[in-house]
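Have a look at the structure below before the remarks.
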Amino acid sequence: MNSGDLPWGGRLAVSYAHDRQGKWRGWGKQVQDQVNAKYVQPLGDAVKSTTFLNLIDRREDDYGDVSLARLKAYGYKFDNIRDFAVAEQLATIVQNGGTPPAPFVSADDAIYQGGGVRRDLLAYEKLDYAIGPRLSGFTTGYIHLDKGIGTYASPYSATPAAFGGSPVSVSALRYAINRKGVISRLKFDTGDHKIEGGIWYERNAFDQGSYLYGLQKGVAPSEFQKFYTNPFKTNFYNEYVTNTVQLDISDTWQATSALRLNAGVKGVVSTNRAHSVVSTKPIDGSIQAKNWFLPTVGALYTLDENNEVFADYTRNMAAFVASTSSGPFSSSSQAGFDFIRSGLKPEMTNTFEGGYRFHDRDLQMSLTGYYVKFSNRLLASSISATLVGNQNVLQNVGSVSSRGVEAAANWKFAPGWSLYGSYAYNDATYDDDVQPLGGAVVATKGKQVVASPRNVGSAELNYDDGTVWGGVNAHYRSARYYSYLNDAKLPGAVNVNLSAGYRFSRMFDVQFNLVNVFDKKYIASTGTAGFVTSDPNGTYTTLQTAAPRQVFGTVRVHF
């Protein structure tokens, strides 16, 4: 709902989304409710206020990660176990030994349920202001509150008798985010020069804890996805605070009628602090990522009204992650963290790009080439326990080089008809072998980067005469790997989709979509549980299969 202009000059927009859907494999549901509200109010001639609020409540039963071996053994629709009695039987076998019943190969190949609950609140207040005819800016203050829990029915830890006695328990990772920040920018327009600068500050307080909760023996949970209370075990509870400051300034210069140049620089300092409240191996301390010279330069040259060429360069830095699950604080001891803290470098990228664009009334084309050097790559690896008493440590393991080309074209070849095509070639390889501290060399040099296909292409044919519209599109992705040694390969795939619609009037229309027209079975996502050094037998569970053929119908009413 959009109010339009209210009598006092303000404008209000409110939206609500209510989503309920089942799963195409396994059992369970995914539920989400979302409310957005935005209010814009002029405050005189030079100032405008924008207030925004977003609320989301999401509960979802997840699709279980699969491996190539499990797909071969169970098929593409294998997922969680709906029968809680069977789940308890398998958990007993996991803990005590025994032969699982058919069709299970291993007793822990499937669990009863897994998923999570998440509640978010995002709000901001933005003031746009014109200080003079050439100077303008804005300041935004924001807050993001997030409360979440990720759960799975663990067959590895039985519930104590006092908490229900089931051989299955709920293993949960709980977290809370409290982010507050401010963004402020100024823009000065001199005609040929547009100078812009700004500052961003954020304080992010992040709490993370791992718990085990009890289930009643022989009683299937009436609601598995919820915020549990009264854990029978706390594995850890850690608190993290990240303070980030970023400054930037840039100039866009229209040097001639044909040549536009831009240059800028930003600086970032991000400090992470950790405090262990409950932990068998507590880690307390801080680490900082800092770089005050991250430049960007670019040029755009207009050859004529239809043709232009461009080039640019950008340097960037990634801050460290503050979490028990990843980043420097994932080291499993204070000694391990102290060992890496002084020498660890933040990841960096240097990106070079150049290309050509053509456009007229019926045809748009672009061709872009790029080179990206990704340095100081971070990877968690094992370390000898005799060195610092640590089994997992983060280290810099060299660089990655990516070079490629992207081409795209859109052609309106007849009234109402258009044809679009794109192709990208990406040669992304590791530049170095990995030498884990205290371990053997892993020969990754020259190997293709995990989850990165070399070839991606798409083609679309569309029609729209104002009343009837429709289209067909095909997407191609070549082979990719999920192991660093490239011995676990996922074949390429082509997916075809159809859509059609009819507008009865400006107020009413319907649309029909057919997804995965030929019902292809392929891997849609990889790395959902991380990547692995080697997996020649396809047993690592880090894949998600594509959904089968699906039909969607949409009815829209505008009033």
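The values are calculated or read from the model by the stated rules, or taken from the named source; none is laboratory data. Note that this is a predicted model, so its numbers are computed, not measured. FYI the Cβ positions are ideal-geometry reconstructions off the backbone, even for glycines, and counts take in every protein chain you see.
A few comments on the model shown:
- Which numbered condition Ala91 misses (of (1) surrounded by 12 or more Cβ atoms within 10 Å (Cβ to Cβ); (2) modelled with pLDDT under 95; (3) of a type in the set (Gly, Ala, Ser)): (2)
- Total residues in the stretch 333-352 satisfying the condition of being part of a helix (DSSP H, G or I) and aliphatic (A, V, I, L, M): the figure is 2.
- The listed residues are Arg361, Arg357, and the only one of them that is touching a residue at least 12 places away in the same chain (Cβ under 8 Å), closer than 26 Å to Glu308 by Cβ, part of a loop (DSSP other than H, G, I, E, B) and not aromatic (Phe, Trp, Tyr) turns out to be Arg361.
Rundown of residues vs (1) under 30 Å from Gly28 (Cα atoms); (2) surrounded by 14 or more Cβ atoms within 10 Å (Cβ to Cβ); (3) among the acidic types (Asp, Glu), yes/no style:
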| residue | (1), (2), (3) |
| --- | --- |
| Gln208 | yes, yes, no |
| Tyr240 | no, yes, no |
| Val277 | no, no, no |
| Thr280 | no, no, no |
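- Given (1) out of contact with any Phe, Trp or Tyr (no Cβ under 8 Å at 6 or more places or on another chain); (2) at pLDDT 95 or above; (3) not β-branched (Val, Ile, Thr), index of the condition Ser505 fails: (2)
- Exclusive hit being under 25 Å from Arg59 (Cβ atoms), in contact with a Gly (Cβ under 9 Å, 6 or more places away or on another chain) and of a type in the set (Gly, Ala, Ser), set Gly214, Gly165, Gly181: Gly214
- Of the listed requirements (1) charged (D, E, K, R); (2) touching a strand residue (DSSP E or B) at 6+ places or on another chain (Cβ under 6 Å); (3) not in a strand (DSSP E or B), Asp304 misses just one: (2).
- Failed item in (1) surrounded by fewer than 16 Cβ atoms within 10 Å (Cβ to Cβ); (2) in a loop (DSSP other than H, G, I, E, B); (3) modelled with pLDDT of 90 or more, with Ser326 passing the rest: (3)
- Counted residues, the stretch 68-110 - those being in contact (Cβ under 8 Å) with a residue 12 or more places away in the chain and farther than 17 Å from Trp24 by Cα: 24
- Restricting attention to the stretch 329-369, the residues that are at pLDDT 95 or above, over 28 Å from the mean Cα position of the chain (by Cα) and of a type in the set (Ser, Thr, Tyr) total 1.
- Gln544 fulfils the conditions (1) out of contact with any Asp or Glu (no Cβ under 6 Å at 6 or more places or on another chain); (2) over 30 Å from Val442 (Cβ atoms) except for a single criterion, (2).
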